[in-house]
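Asker: For reference, the structure I am asking about is given below.
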Amino acid sequence: MTVLTNDLLARARGGDGDDFRELTEPYRRELQVHCYRMLGSFQDAEDVLQDTLLSAWQGLSGYEERASLRTWLYRIATNRCLNARRAAARRPAAPWDFGAYQPPEPTRLGEVTWLEPYPDTHLGPPVPGPETRYEQSESMSLAFITALQTLPPRQVATLILRDVLGFPATEVATMLDTTTESVTSALKRARATLAHRPPTPEPAPNSPEESALVSRFITAYEAADLPAVIALLTDDVFMSMPPIPLEYEGRTQVATFCTNLFASNRRFRLLPTRANLRPALATYLITPNNPPRATGLITLTLTHKGIRALTRFDTTVLAPFGLPPTIPSTQD
């Protein structure tokens with residue numbers, strides 16, 4: 001394998017694009033996930049990944065093999081993500097134009113309006129490290145990704161590289177062009193900030209318990225059965241809807257939102273998919289004489305007691321999931 005990699009590296013340095021792609025392809029998916037954790041946006045992650053690979057291709061002659069190729073690529077990707085976060089040109093909050101539907105007064109306004117879901121189909125196998133503190137499911141949760149966006153950029157990079165990916169502190173210091181002491185200090189501050197966000201136990205992915213909860217939600221939602229929908233929510237349920245900054249906390253607030261949503265005989269079809277290692281549902285509005293049209297995506301965070309969080313995204317996130325803008329009517 002070492003000889004093969006060295007041969008590929010030599011040919012790639014000689015300008016062979018196919019060999020460069022073969023050399024870097026094993027790391028592509030995990031690098032995209034890394035960029036997503038850093039940036040909170042699937043599209044931003046893909047853009048930075050492309051920039052990373054271009055920079056690696058252009059700078060391959062400067063790769064001195066002091067670290068593994070994987071570590072070298074992570075260094076480039078991390079610094080490109082830091083640059084993207086410093087640019088602060090994040091997706092702005094969307095206008096509050098809901099058309100005929102009028103949402104209730106929100107509990108508060110969210111700040112991470114650029115948040116996007118990550119399709120499970122784009123995930124590679126888990127990449128555990130010797131010092132990882134987070135399971136893959138926890139480190140891909142929307143709650144965790146959102147929390148990361150509120151940390152200073154270098155704390156985010158340090159936490160992900162150390163606690164999610166398990167890179168040694170000395171390697172992280174080299175990646176970030178800093179000292180081991182600075183890495184340790186940044187990690188301590190990041191951990192302290194996230195310490196008040198303990199994970200909530202969830203049903204196992206694709207388990208009978210998870211499937212039953214999702215099935216009950218689909219049935220209730222498609223029937224606009226408000227009492228059945230509300231019965232599935234925990235008392236402290238939380239709902240957000242990036243890029244619109246409205247956020248609702250508590251069963252009463254979310255119930256009011258759903259009451260308004262189902263008003264005027266609005267009915268939906270739901271298509272199951274998965275995002276961030278959790279259930280997700282594409283929503284399609286049923287209209288007379290037309291096929292149901294996409295209105296967005298809902299991701300569900302479940303507990304053993306019910307639905308703990310709903311995150312509603314607009315139609316701009318559907319393409320990476322392979323979801324169509326319309327679906328056949330049930331009568332077709």
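The values are calculated or read from the model by the stated rules, or taken from the named source; none is laboratory data. All figures in this text were calculated on a predicted structure; none of them were measured in a lab. Ideal geometry is used to build each Cβ from the backbone, glycine not excepted, and the neighbour counts take in all protein chains shown.
Asker: Report yes if Glu171 is charged (D, E, K, R), over 14 Å from Arg154 (Cα atoms) and not assigned by TED's automatic domain parsing to the domain that holds Val156, otherwise no.
Answerer: Here the answer is no, as Glu171 does not meet what is asked.
Asker: Out of the residues in segment 25-64 that are among the polar types (S, T, N, Q) and in contact (Cβ under 8 Å) with a residue 12 or more places away in the chain, state the one that is surrounded by the fewest Cβ atoms within 10 Å (Cβ to Cβ).
Answerer: Ser61
Asker: In segment 245-270, how many are under 21 Å from Phe321 (Cα atoms) and touching a Pro at 6+ places or on another chain (Cβ under 9 Å)?
Answerer: Count: 2.
Asker: When residues of segment 301-316 are filtered for being out of contact with any Gly (no Cβ under 8 Å at 6 or more places or on another chain), surrounded by fewer than 20 Cβ atoms within 10 Å (Cβ to Cβ) and within 15 Å of Met241 (Cβ to Cβ), how many remain?
Answerer: Number of matching residues: 1.
Asker: Sticking with this one: Is one or more of the residues making up segment 317-327 surrounded by 14 or more Cβ atoms within 10 Å (Cβ to Cβ), of a type outside the set (A, V, I, L, M, F, W, C), at pLDDT 95 or above and within 24 Å of Leu226 (Cβ to Cβ)?
Answerer: no
Asker: Going through Arg80, Arg86, Arg90 one at a time, which residue ends up being farther than 27 Å from Gly250 by Cβ, modelled with pLDDT under 85 and in a helix (DSSP H, G or I)?
Answerer: On inspection, the qualifying residue turns out to be Arg86.
Asker: Something else: Which fully enclosed helices (runs of 4 or more DSSP H) of segment 129-218 have 3 or more residues being under 27 Å from Pro119 (Cα atoms) and polar (S, T, N, Q)?
Answerer: Qualifying helices (runs of 4 or more DSSP H): 136-139.
Asker: Consider segment 34-59. How many of its residues are in contact with a Phe, Trp or Tyr (Cβ under 7 Å, 6 or more places away or on another chain) and more than 17 Å from Leu82 (Cβ to Cβ)?
Answerer: 2
Asker: Residue under question is Leu148, and the condition is that it be buried (at least 18 other Cβ atoms within 10 Å of the Cβ) and without any contact (Cβ under 8 Å) to a residue 60 or more places away in the chain; does it hold?
Answerer: For Leu148, the condition - buried (at least 18 other Cβ atoms within 10 Å of the Cβ) and without any contact (Cβ under 8 Å) to a residue 60 or more places away in the chain - is not met.
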